[in-house]
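**Q** My structure is below; once you've seen it, I'll send some questions.
The values are calculated or read from the model by the stated rules, or taken from the named source; none is laboratory data. The model shown is predicted, which means the values in this text are computed figures rather than measured ones. A quick note on method: Cβ atoms are made from the backbone with ideal geometry, for glycine too, and the neighbour counts reach across all protein chains shown. Side chains included, ligands, DNA and RNA excluded: accessible areas come from the protein's heavy atoms. Shrake-Rupley method; radii C 1.70, N 1.55, O 1.52, S 1.80 Å.
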Amino acid sequence: LLKTNLSIVIGYLLSDTTISIMHYKKVGDPFTLAHHLVSIYAFAYVLTLNVMPYFANFRLLAELSTPLVNIR
């Protein structure tokens, strides 16, 4: 379940980053892109090396509002 959660989040972050890059003039923000890239790296690190997976899932609680913010 932990790896499934992290895989879904990595996929979401990759798609959101791609959309942000494609439409950079309208919705682009360098800080958001940096946040996405660092998060992808961190979650991929946890997923591949299995380091602190429960902490990573706890950290995902802060990201729960992201899809709702992007829908606006």
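**Q** For the chain, compute the orientation-averaged projected area of the C-alpha convex hull (one quarter of its surface), in nm².
**A** If I average the Cα hull's projected area over directions, I get 4.7 nm².
**Q** Go ahead and estimate [θ] at 222 nm for the chain from helices alone: -39,500 (n - 2.57) per DSSP H run with n ≥ 4, summed, over the residue count, rounded to 500.
**A** One gets -25000 deg cm²/dmol as the mean residue ellipticity at 222 nm.
**Q** Relative contact order of the chain: what whole-number percent is it, with Cα pairs under 8 angstrom and at least 6 residues apart?
**A** Relative contact order for the chain comes out at 37 percent.
**Q** So if we plug the beta-carbon distance of R59 and K26 into 1/(1 + (r/R0)^6) with R0 = 25 Å, what FRET efficiency do we get, rounded to 0.05?
**A** So, using R0 = 25 Å, E works out to roughly 0.30.
**Q** What percentage of the solvent-accessible surface of the chain, computed with a 1.4 Å probe over protein heavy atoms, is contributed by carbon and sulfur atoms?
**A** After summing per-atom areas, the C and S share lands at 72 percent.
**Q** If a/c stays under 1.5 just call it rounded; otherwise compare a/b with b/c (prolate if a/b is bigger, oblate if not). Do that for the stretch 1-41, with a ≥ b ≥ c from the square roots of the Cα gyration tensor eigenvalues.
**A** Details: a/c = 4.20, a/b = 2.17, b/c = 1.93.
Note, shape of the stretch 1-41 comes out prolate.
**Q** Based on Cβ point charges of +1 for Lys and Arg and -1 for Asp and Glu, what charge dipole magnitude is obtained for the chain about its Cα centre, in debye rounded to the nearest 20?
**A** Roughly 100 debye, rounded to the nearest 20.
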